[in-house]
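Note sheet for the following structure.
Where a number appears in this text, it was derived from the coordinates with a stated rule and is not lab data. Quick caveat: nothing in here was measured; it's all calculated off a predicted structure. Here the Cβ is made from the backbone with ideal geometry for all residues, glycine too, and neighbour counts use every protein chain on show.
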Amino acid sequence: MGDIHRPVLLDEVLDLLHIEHDGLYIDGTFGRGGHAAAILGRLRADGRLLAFDKDPAALAFAASHFDKEPRLIMRRASFGDLGSVVTELGWQGKVNGIVLDLGVSSPQLDDAGRGFSFLHDGPLDMRMDPHSGVPASEWLAGAAAEEIADVLWRYGEERHSRRIARAIVAQREDAPVRTTAQLARLVAAAVPGHAGKKHPATRSFQAIRIFINDELRDLERVLPQTLEALAVGGRLAVISFHSLEDRIVKRFIRDQQRGPQLPPDLPVRAQAYAPPLRAVGKAVRPGAAEVQANPRARSAVLRVAERAA
């Protein structure tokens, strides 16, 4: 099992989850089994791990590498469906830990055929599940310039979103954008005076991928479901690679801690609020050694919270 991918901040996740040997755990983003293998390595025979992934390549990897692992329950689904599966298994209020490793995985980025990266020329697809939804090339071929610009700005915080969107629409008059290399060149040409460490297409690729896979909505869906799943003392660990993702996680934990915010002049009797979730320490970021070994780790942020009541 030497080809199992090692996730970012793995040691920190394992330490902060406080894994119980006979516990129930959930890996919402199986990928290439990095978190799953590490958690299973700390469970006894009576422990269980439920794992989600909608990528057929990840499911095939699980079938070939974990086929003799009775403690693992694999589901082909988005982690946004966590609540219904937890209910089906009778795990409500019993889960000891949940880990969500957001965004695209390194194996997905490195596979040119998936179309996630501008570093490898391939078909402009970007779907986590290639059998569901529309590829990025198809969306770009039909979307209005205003819609494309809105996606680039909302999900990528791209300052030149309108300029890039106009360039994509103008290109369609000759031929649609079909490959990652085409899109990367088009974005680079549309961004004025670019100079920096990041490729000028970084934000655009990120924004289109998030939109195509509806990633932020899935995150917003799953966070409240984790409250119903976690046992008292159970922990939620979320690794984000994008400021929008981290903002959603940070606000969710904060809002659960402080409770409903009533207007100061509202004549109501003050009541004690028992927060259902409490942050565990501060946000954790990878150290210099991990970033040097894996440059993709540089933007990772880990937040952990504990079910309190």
Per its Cα gyration tensor (rounded if a/c is under 1.5, else prolate when a/b beats b/c, else oblate), region 112-213 is best filed as rounded
Comparing 286, 192, 224 in a Gaussian network model of the chain (Cα, 10 Å), the one with the largest mean-square fluctuation is 192
Magnitude of the Cβ-charge dipole (Lys and Arg +1, Asp and Glu -1) of region 74-232 about the Cα centre, nearest 20 debye, reported as 460
In terms of the charge dipole of region 112-213, which places +1 on Lys and Arg and -1 on Asp and Glu at the beta carbon, the residue among 199, 187, 165 farthest towards the positive end is 199
Output ordering of 299-305, 31-37, 15-21 (per-residue mean of other Cβ within 10 Å, highest first) is 31-37, 299-305, 15-21
Quick calc, the chain, dipole around Cα centre from Cβ unit charges on Lys, Arg (+) and Asp, Glu (-), nearest 20 debye, gives 800
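Apply the a/c threshold of 1.5 to the C-alpha gyration tensor of region 175-220 and tell me whether it is rounded, prolate or oblate. Mind showing how you got there, number by number?
Numbers: a/c = 3.30, a/b = 1.52, b/c = 2.17.
Because a/c hits 1.5 or more and a/b fails to exceed b/c, region 175-220 counts as oblate.
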Row for region 20-149, column shape: gyration tensor on C-alpha, a ≥ b ≥ c, rounded if a/c < 1.5 i.e. under 1.5, prolate if a/b over b/c, else oblate; value prolate
Whole-Å distance linking the alpha carbon centroid of region 145-186 with that of region 48-116 is 32
